[in-house]
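Okay, structure first, notes after.
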Amino acid sequence: MIPRVTLLALLFPVMLRADSPIAITDRAVIFRHTGNDPEDPANTSGYNFGPSVAALPDGRVMATWFASPSEGAVSQRLVQAFSSDGGRTWGAPTILQDFEGAADFDPALFVAGKETFLFFSAYHPKLDVYFRRSSDSAKIWTEPVKLDQPNHTTRSNGIRLSTGELLVPLHLRGTKNGGVLKSRDGGASWTRFGEVANAEGQGGEPTIAETKSGGIHMMLRTKDGQLWRSISRDRGETWSAAEKTGLASTSCASHLLCTRDGTLVLTYNPGPVPHRFPLLLRTSDDEGGTWSEPTLLADRPEKVGGWSICYPTLTELADGTLVAIWAQKKGSSDELYSDIHSARITLGK
């Protein structure tokens, strides 16, 4: 029998490099759904999706996601949970953000020094991007500030550049035109740069990472069965033409992280379209020139239809351990629910 990772490599060929051992440990369910009927008004936490994760300045790990009976319900809000042991176990969730009578969704956390930023989107009353910030590791937050990016959403991560500037990816709703919001003044003001897309105008849910050479890499969701990439050499202000990575991918969000030692880590769904499983992890030691064979991060619990294992996000702890979280969703004609899962990852050398 062919080992699973080798079979995946045969099915989804890319330029491969020799692997480093990767250990995936301490799996946990951060939150389990409380209902499965999207029509039940009492079902406030059946559908949990779009997670983001960050290692806070005080050493805790924070996870946030949106919860509702079904995606886009007016009761939809952002909730949060914390881990004090590096993502091994998680506390009970609490409400983080809730515009009354409006759907809040797509949170994006990142840490810059002592500041923690939360970006999100909301129909309040029309779709726009908002941000909040905390100077005490997510205990107290500022009020939401609207950024006047109509019909745009954020997704999963922002980064602090080696120059101290801040970047947050966003895109035009409908898997169109990826770009970034940039701040040169520590988050006091933000400017939009980039409209990155393939020839069909697709460039959704971008995820970004700064590599050791100073380039900013952006991975993009499209609908053609491929992950696409663009690179900025001027700190996010202009972007190269989008190009195929050679990585087969369904139409779904991915996540890109550059570790402190310069390793690029990518989590994504290989497809084929429309399948959003399994969830794979690859690494690159040469800034995306070549990628490791895929490591299986998570898969559907049953070999039946209706499952999605998707929307991954990563953070790096002080000791170099990675914490990944993602959504495990089940949908059918008579039920809909989704849970938030996590795992710790060690990249071998």
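The values are calculated or read from the model by the stated rules, or taken from the named source; none is laboratory data. Keep in mind the model is a prediction, meaning the values are calculated, not measured. Glycine also receives a Cβ, built like all others from the backbone with ideal geometry; neighbour counts cover every protein chain displayed.
Would it be correct to say that SER292 is crowded, with 21+ Cβ neighbours inside 10 Å, in contact (Cβ under 8 Å) with a residue 60 or more places away in the chain and among the hydroxyl-bearing types (Ser, Thr, Tyr)? Break it down into steps so the answer makes sense when it comes.
Working: crowded, with 21+ Cβ neighbours inside 10 Å: yes; in contact (Cβ under 8 Å) with a residue 60 or more places away in the chain: yes; among the hydroxyl-bearing types (Ser, Thr, Tyr): yes.
Answer is yes for this residue.
Do you know which residues across the stretch 61-78 are closer than 30 Å to GLY320 by Cβ and either hydroxyl-bearing (Ser, Thr, Tyr) or more than 17 Å from the chain's Cα centre (by Cα) (or both)?
If the condition is that a residue be closer than 30 Å to GLY320 by Cβ and either hydroxyl-bearing (Ser, Thr, Tyr) or more than 17 Å from the chain's Cα centre (by Cα) (or both), then THR64 is the only one that fits.
Do we have GLY158 as of a type outside the set (Val, Ile, Thr) and surrounded by fewer than 20 Cβ atoms within 10 Å (Cβ to Cβ) here?
Criteria not met by GLY158.
Out of ALA81, ALA102, I need the residue that is of a type in the set (A, V, I, L, M) and either within 22 Å of CYS258 (Cα to Cα) or buried (at least 20 other Cβ atoms within 10 Å of the Cβ) (or both). Which one?
ALA81
Do we find a residue being at positive phi and of a type outside the set (Gly, Ala, Ser) anywhere in the stretch 298-314?
Checked against the condition, which is being at positive phi and of a type outside the set (Gly, Ala, Ser), the stretch 298-314 yields at least one hit.
Would you pick out the residues in the stretch 329-349 that are within 13 Å of ASP37 (Cβ to Cβ), of a type in the set (Ser, Thr, Tyr) and in contact (Cβ under 8 Å) with a residue 60 or more places away in the chain?
TYR337
If LEU281 satisfies every condition in (1) surrounded by 17 or more Cβ atoms within 10 Å (Cβ to Cβ); (2) more than 24 Å from GLY320 (Cα to Cα); (3) among the aliphatic types (A, V, I, L, M) but one, which is the exception?
The number of the failed condition is (2).
If we keep just the residues of the stretch 218-265 that are of a type in the set (A, V, I, L, M) and in contact with a Pro (Cβ under 6 Å, 6 or more places away or on another chain), which is farthest from CYS310 (Cα to Cα)?
Among them, the one singled out is MET218.
Restricting the stretch 151-181 to residues that are in contact with a strand residue (DSSP E or B) (Cβ under 7 Å, 6 or more places away or on another chain) and either hydroxyl-bearing (Ser, Thr, Tyr) or over 22 Å from PRO51 (Cα atoms) (or both), which is modelled with the lowest pLDDT? So that I can check it myself, show each step before the final result.
Within the stretch 151-181, the first condition is being in contact with a strand residue (DSSP E or B) (Cβ under 7 Å, 6 or more places away or on another chain), and the residues that meet it are 151-162, 165-173, 175-181.
Restricting the remaining residues to those that are either hydroxyl-bearing (Ser, Thr, Tyr) or over 22 Å from PRO51 (Cα atoms) (or both) gives 153-154, 156, 161-162, 165, 175.
On the way: THR153: 96, THR154: 94, SER156: 81, LEU161: 98, SER162: 97, GLU165: 98, THR175: 91.
My answer is SER156.
Only one residue in GLY262, GLY236 is over 18 Å from the mean Cα position of the chain (by Cα) and surrounded by fewer than 21 Cβ atoms within 10 Å (Cβ to Cβ). Which one?
GLY262
Looking at VAL145, VAL129, VAL111, VAL168, which is the one that is of a type outside the set (Ser, Thr, Tyr) and in contact with a Gly (Cβ under 7 Å, 6 or more places away or on another chain)? Show your work before the answer.
On the way: VAL145 fails: in contact with a Gly (Cβ under 7 Å, 6 or more places away or on another chain); VAL129 fails: in contact with a Gly (Cβ under 7 Å, 6 or more places away or on another chain); VAL111 fails: in contact with a Gly (Cβ under 7 Å, 6 or more places away or on another chain).
When all the criteria are applied, what remains is VAL168.
Tell me, which residue of the stretch 154-176 that is assigned to a strand (DSSP E or B) and more than 20 Å from TYR123 (Cα to Cα) is nearest to the chain's Cα centre (by Cα)?
As a first pass, look at the stretch 154-176 and keep what is assigned to a strand (DSSP E or B): 154, 156-157, 159-160, 166-172, 176.
Those left that are additionally more than 20 Å from TYR123 (Cα to Cα): 157, 159-160, 166-167.
Numbers: ASN157: 6, ILE159: 12, ARG160: 16, LEU166: 17, LEU167: 15 Å.
That would be ASN157.
What pairs come up if the first residue lies in the stretch 204-223 and is acidic (Asp, Glu), the second is at pLDDT below 95 and outside any strand (DSSP E or B), and their beta carbons are under 6 Å apart, counting only those six or more places apart or on different chains?
Listed by first residue and then by second, the contacts come to GLU205/ARG155.
What strands (runs of 3 or more DSSP E), lying completely within the stretch 24-92, carry at least 1 residues that are among the basic types (Lys, Arg) and at pLDDT 95 or above?
77-83
Can you find a residue in the stretch 173-185 that is touching a Leu at 6+ places or on another chain (Cβ under 6 Å), under 21 Å from SER308 (Cα atoms), free of Cβ contacts under 8 Å to residues at least 60 places away in the same chain and surrounded by 21 or more Cβ atoms within 10 Å (Cβ to Cβ)?
no
Could you check TYR268 against (1) surrounded by fewer than 22 Cβ atoms within 10 Å (Cβ to Cβ); (2) within 21 Å of ARG155 (Cα to Cα); (3) of a type outside the set (Val, Ile, Thr) and say which number it fails?
Result: TYR268 fails condition (1) only.
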